[in-house]
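As C-alpha cells, the structure follows; a few thoughts come after it.
Nothing in this text is a laboratory measurement; each read-out follows from the coordinates by a stated rule. Quick caveat, the model's predicted, so the values are computed rather than measured. A quick note on method: Cβ atoms are made from the backbone with ideal geometry, for glycine too, and the neighbour counts reach across all protein chains shown.
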Amino acid sequence: MKKYTFTEKKDTRSGFGAGMHELGKSNPNVVALCADLVGSLKLDPFIKENPDRFIQCGISEANMIGVSAGLTIGGKIPFATTFANFATGRVYDQIRQSVAYSGKNVKICASHAGLTLGEDGATHQILEDIGMMKMLPGMTVINPCDYNQTKAATIAIADYEGPVYLRFGRPVIPVFTDADQKFEIGKAWMVNEGTDVTIIATGHMVWEAIQAGETLAAEGINAEIINIHTIKPLDDEAILKSIAKTRCVVTAEEHNRIGGLGDSVAQLIVKHDLVPQEYIAVDDSFGESGTPAQLMEKYGLSAVNIVEAAKKVMSRK
C-alpha cells in the first residue's frame, strides 16, 4: 500500500478560490459571478485584482445562469458560483435550457456540496446534484478530492470548451495531492495499485478510501484505489482494467446512492464486465444538522464503512 501523508488541512472551496486567483492573472476572458456568497466561495482575491470582471448577482441564481449564458456569446468564460444546492436544484431549468441545451461555455462552480455542509442541515445540503448534472447532455461533471486538485481543476476547466459542473466543499480535509499537478479532465488517478478489490472514490471520499486501504493492507488485503475526479466523462478504460484484475468493486461518494458515481460504474460494468459491486453512499435519504464528522459516521461514509464493504464484496466473487 502506497503511503500518503499530509502536512496541512484545507477546504476544497479555498482551492477553488486559489484557482480563480490564478485565472484572474492568466486568462482575461474569465469572469466571476456570484449569488451573494463571495466570502463562502473565496472570491475576494479575484475580485480585488479584477473588479471589472466580477458580477454580483445577489440572491438571484436563475438570473445568474442566464447572465452567464449571455456572456459566452461575447467570448467570455463565466464562472457562476454559489452553494451546490442553489447551483443545481434551484436553477435546473435555466441550466438545462440556457446552458446545456445550447452548449454554452458556462462553468457552474458549486461549494458546500454533500452532507459536510454540516450544521446548516438538510435544506442546504444536496445529495442529488451529481445525478442531476450528469444527466444533462454535454455537461462535464468534476468532483476533486483536496485543495490542490480543486485548484488545478478550476484552472483546467477554463481551457475546456463547453459546460462544466465543478463540485467542492466546506470542510477542512488533508491536502495530499501534488501542488504542481496537471489536471486531466476525464482521466482517472490511480491512487494505489492492488489485486484484491477495486475501490473507486470521488471528492472527500478519496481520503477515506486511502485510510481504508491502509487498514485493509494491515489485514493482508491489497486494495486498488482509484480517484474518479471526473464523473462525466467517466474513465471507462481505467475502471474496466482494474476490475478485470480484482473482480470486484466498491464505489464511495458523498452523494445519494441513486444517480451518482456508483450508478455510473454499475452501468459500465453491467454492459462490459459484470462483477460484484458495493455502494458507499447516502442510502436514499435527506441529510440533517450535525458536524461533518458526525454526519459522515452516521450516514456510513467513513473509512470503516469502506473496509466493511470491501470485505463484503470480496466474499461475493
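Annotations
- Computed E for Glu119/Glu308 - FRET, C-beta separation, R0 30 angstrom, nearest 0.05: 0.65
- Count Lys and Arg as plus one, Asp and Glu as minus one, and take only other residues whose Cβ is under 11 Å from that of Gly118; the net charge is then -2.
- Centre-to-centre separation between the Cα atoms of region 62-77 and those of region 138-161: 19 Å.
- Sequence-distant contacts, meaning Cα pairs under 8 Å at least 6 residues apart, place the relative contact order of the chain at 19 percent.
- Sequence-distant aspartates and glutamates (8 or more away, or on other chains) whose Cα lies within less than 20 Å of Lys317: Glu193, Asp196, Glu219, Glu224, Asp263, Asp273, Glu278, Glu308
- Most positive-pole-ward Cα, Ala223, Tyr165, Ala281, against dipole of the chain from beta carbon charges: Tyr165
- Its Kirkwood hydrodynamic radius, worked out from the mean inverse distance over all distinct Cα pairs, puts the chain at 19.4 Å.
- Working ranking of peptides 294-300, 3-9, 260-266 by packing, defined as the average number of other Cβ atoms within 10 Å per residue, highest first, is 260-266, 294-300, 3-9.
- The length gained on full extension between Ala266 and Asp284, counted as 0.36 nm times the residue separation minus their Cα-Cα distance, comes to 4.8 nm.
- Other residues lying with their Cβ under 13 Å from the Cβ of Met1 contribute a combined charge of -3, Lys and Arg counting +1, Asp and Glu -1.
- In this Cβ point-charge picture (+1 for Lys and Arg, -1 for Asp and Glu), the chain has a dipole of about 460 debye about its Cα centre.
- DSSP-defined beta bridges in the chain - what % are antiparallel, rounded to 5: 20 percent
- For Met296, the shell of other residues with beta-carbons less than 10 Å away shows a net charge of -2, using +1 for Lys and Arg and -1 for Asp and Glu.
- Model label zone, Ile59; criterion: amide N under 13 Å from point 7 Å along Cα-to-beta-carbon; scope region 26-49: 35-37
- Dipole magnitude of region 212-317 about its Cα centre (Cβ charges: Lys, Arg +1; Asp, Glu -1), debye to nearest 20: 400 debye
- Unit charges at the beta carbon, dipole of the chain: most positive-side option, Val38, Leu115, Ala153: Ala153
- Computed from the C-alpha gyration tensor, the three semi-axes of the ellipsoid equivalent to region 189-315 are 21, 17, 12 Å, from longest to shortest.
- With Cα atoms as the point set, the radius of gyration and Dmax of region 9-174 evaluate to 14.1, 41 Å.
- Among the listed pairs Lys134/Lys245; Lys107/Lys241; Lys151/Lys232; Lys10/Lys232; Lys9/Lys232, those with a Cα-Cα distance over 22 Å are Lys134/Lys245; Lys107/Lys241; Lys10/Lys232; Lys9/Lys232.
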